[in-house]
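Presented below is the structure to which this report refers.
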Amino acid sequence: MRTVVFTGEGDAFCAGIDLGFLESIPAKERGIKVPTMTADGWWNITACPKPVTAACDGPAVSMGAEWTSHSDVRIASNRARFACNFAHRGLVPDTGAGSWLLPRQVCLQPALRLLFSGAWLLLSKRSNSAI
């Protein structure tokens, strides 16, 4: 069986969406126009017919953190850290990953803490972790 593995470039997995790009979309259309879904309404990553692994080495922030939750498997180095810091930007996690997927992956209360506070989720420094 073949799989898809995606990583970031350099010292980060993904710092989130380009806010300049987001600013170019009228506010009423932002959740609709951000290119994270297929024409059928499925998230691009979850629509992949092959297992998808997010290999995280460094920060995964906002949209980057959401992309990891879309993945079937998340592998994180000891440098990986995750934050849903939409609240710091006055934004909502509008792809549904924060409101739908994250609570199912980490339970409701931890998901709400991460989403409402924008706090960093740090992993153990002992060894690589699969989350």
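What follows is calculated from the coordinates using simple rules that are stated; it is not laboratory data. All values reported here derive from a predicted model rather than from experimental measurement. Here the Cβ positions follow ideal geometry from the backbone for every residue, glycine too, while neighbour counts run over all protein chains shown.
Some observations on this one:
- Residues in the stretch 12-29 that are surrounded by fewer than 15 Cβ atoms within 10 Å (Cβ to Cβ) and touching a residue at least 60 places away in the same chain (Cβ under 8 Å): Leu19 alone.
Yes or no, residue by residue, for (1) loosely packed, with under 14 Cβ neighbours inside 10 Å; (2) touching a residue at least 12 places away in the same chain (Cβ under 8 Å); (3) assigned to a loop (DSSP other than H, G, I, E, B):
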| site | (1), (2), (3) |
| --- | --- |
| Ala65 | no, yes, no |
| Arg79 | no, yes, yes |
| Pro93 | no, yes, yes |
| Leu101 | no, yes, no |
| Arg104 | yes, no, no |
| Gln109 | yes, no, no |
| Leu114 | no, yes, no |
